[in-house]
1. Enter the Cα centre distance for the pair the stretch 8-53 and the stretch 82-108, rounded to the nearest angstrom.
2. As an exercise, identify the chymotrypsin sites (Phe, Trp or Tyr not before Pro) in the stretch 1-86 lying in DSSP coil whose Cβ has no more than 15 other Cβ atoms within 10 Å.
3. How far, in nm, would the chain grow between Asp97 and Asp45 when pulled straight, counting 0.36 nm per residue and subtracting the alpha carbon separation?
4. Restricting to lysines 8 or more places apart or on different chains, can you count the pairs in the chain with Cα atoms under 18 Å from each other?
5. Along each of its three principal axes, how wide is the spread of alpha-carbon positions in the stretch 73-151, in whole angstrom units, largest first?
6. In vacuo Debye scattering of the stretch 55-97, one point per C-alpha: log10 I(q)/I(0) at q = 0.20 Å⁻¹?
7. Calculate the FRET efficiency for Arg107 and Glu130 from the Cβ-Cβ distance with a Förster distance of 30 Å, rounded to the nearest 0.05.
8. At 222 nm, what helix-only mean residue ellipticity would the chain give, in deg cm²/dmol to the nearest 500, using -39500 (n - 2.57) for each DSSP H run of four or more?
Amino acid sequence: MTRILIVYHSQTGHTQKMARAVAAGAKAIENTEVILKRAAEATLDDLLACHGLAIGTPENFGYMSGMIKDFFDRTYNEAQDKVFRKPYVIFISAGNDGSGALRAIERIVLGYKLKSVFSPVIAQGEITEEILEQCRELGGTLAGGCALGIY
Ligand SMILES: Cc1cc2nc3c(=O)[nH]c(=O)nc-3n(C[C@H](O)[C@H](O)[C@H](O)COP(=O)(O)O)c2cc1C
């Protein structure tokens, strides 16, 4: 069984729509269990137990949302030596370009030594069907690669 953890925060529902599409893409891969959690509820154990991680956030004030930062704050000390090269992907919902949130997450996950395995999906404004399709592809690629052990 491949276990994919999707950790996200969403205030007005955009990132949540993306998270659900990432989950649908991952679930389409045989023998995949998807743990879809709001960042506030996600735990260190969730992070340690997954084979691949998807992180989703709105861009807030040019940064990731405070709840995603809180997830990193709560898990970093215990996780940093235990998640070496664990595959991860990022999805972001932004009003503009989302680059501040992306940069901030990429800097933090360097400390965990996670491994990026697919380009981030960044939505600007409303969540379109095209974005949802990209999110499904993101989830499918993460789960499929984990299942095959290619990461
Ligand atoms: C407090 C706050 C700060 C925001 N700051 C930014 C920002 O710096 N850059 C940006 O592109 N969008 C910004 N936005 C817009 C959100 O990123 C955008 O509306 C996003 O789609 C919200 O996602 P959600 O529906 O998952 O909460 C901000 C929104 C809020 C509420």
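1. Cα centres, the stretch 8-53 to the stretch 82-108: 14 Å.
2. Phe61, Phe84
3. Extending this stretch completely gives an extra 15.5 nm.
4. 9
5. Principal-axis extents of the stretch 73-151 (Cα, largest first): 38, 30, 17 Å.
6. Each listed q maps to, in turn, -0.72.
7. Given R0 = 30 Å and the Cβ-Cβ separation, E is 0.60.
8. Computed mean residue ellipticity for the chain: -14500 deg cm²/dmol.
Every number here is computed from the coordinates shown, using simple stated rules; none is lab data. It should be emphasised that the depicted structure is a prediction, and the values quoted were computed from it without experimental measurement. With ideal geometry, Cβ positions are generated from the backbone for all residues, glycine too; neighbour counts draw on all protein chains shown.
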